[in-house]
Amino acid sequence: MFLTRRALLGVSAAAAMVAAAVPLAGGTASAHGAPVVRSVEPEADVSHHGHVVLWGDTLTVRMHSQNRGPSDVSDATVRLRVSVPLAGGQELPGGCLQEDPQTVLCRTGPLRADGRQQHRIALGLRLAGLPDEVVVRVGTAYSGGTTDRDAGNNEHEVLALATGDPYVF
């Protein structure tokens, strides 16, 4: 019984200390005076912009990624998913790998929150066959629990016709 009471007293004391604590950064006090704790996950605003070109059996993707904060990003992954299968034996730049027959993943590395640091990716992907068109879906996966409330600038879907023209995203 003594250990149980002591444990309860320890929990009660800890609860009282938390209730009396100053709110965490970004937190506010509730109507009852208790701190409202907000998420401590880093928040970023990563964007990807570039273009895709389809000519013959080759899909060229050139893009840059940057972050406008408010937090730095230690690493993120750009996911490029193509609507047709890729040919086997792709030669990809360092930091990129083929996840499945239609998806390539590329690391961005660290991106500072001020937007001045950019990561550039240039890919020449060989396709299985000669499609008339390809849909390219660009997405982002974060590491370390980073969140992004504005996915509109890092999630894209681009239709590229086999004309050799650049289609911008």
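What are the ³J(HN,Hα) values, in whole Hz, obtained from phi via the Karplus relation 6.51 cos²θ - 1.76 cosθ + 1.60 with θ = phi - 60°, for each residue of the range 149-158 in sequence order, with x given for Gly and Pro?
With the stated coefficients, the range 149-158 comes to 7, 10, 6, x, 9, 10, 10, 9, 9, 10 Hz.
Given H placed 1.01 Å from N in the peptide plane, which residues other than close sequence neighbours of residue 58 have an amide H under 5 Å from its amide H?
Answer set, sorted by chain and number: 127.
For a quick check of your reading of the filter: which trypsin sites (Lys or Arg not before Pro) in the range 36-124 sit in a DSSP loop and have no more than 16 other Cβ atoms within 10 Å?
Sites meeting the loop and neighbour criteria: 38, 68, 112, 116.
Could you give each residue of the range 111-128 its phi-based ³J(HN,Hα) in whole Hz, using Karplus coefficients 6.51, -1.76, 1.60 with θ = phi - 60°, and x for Gly or Pro?
10, 5, 6, 7, x, 7, 8, 10, 10, 9, 10, 10, 10, x, 9, 8, 9, 7
Values quoted throughout were computed directly from the atomic coordinates according to the rules given, and no laboratory measurement underlies them. Values in this document were obtained by computation on a predicted structure and should not be read as measured data. Methodologically, a virtual Cβ is constructed for each residue, glycine included, from the backbone with ideal geometry; neighbour enumeration extends over all protein chains shown.
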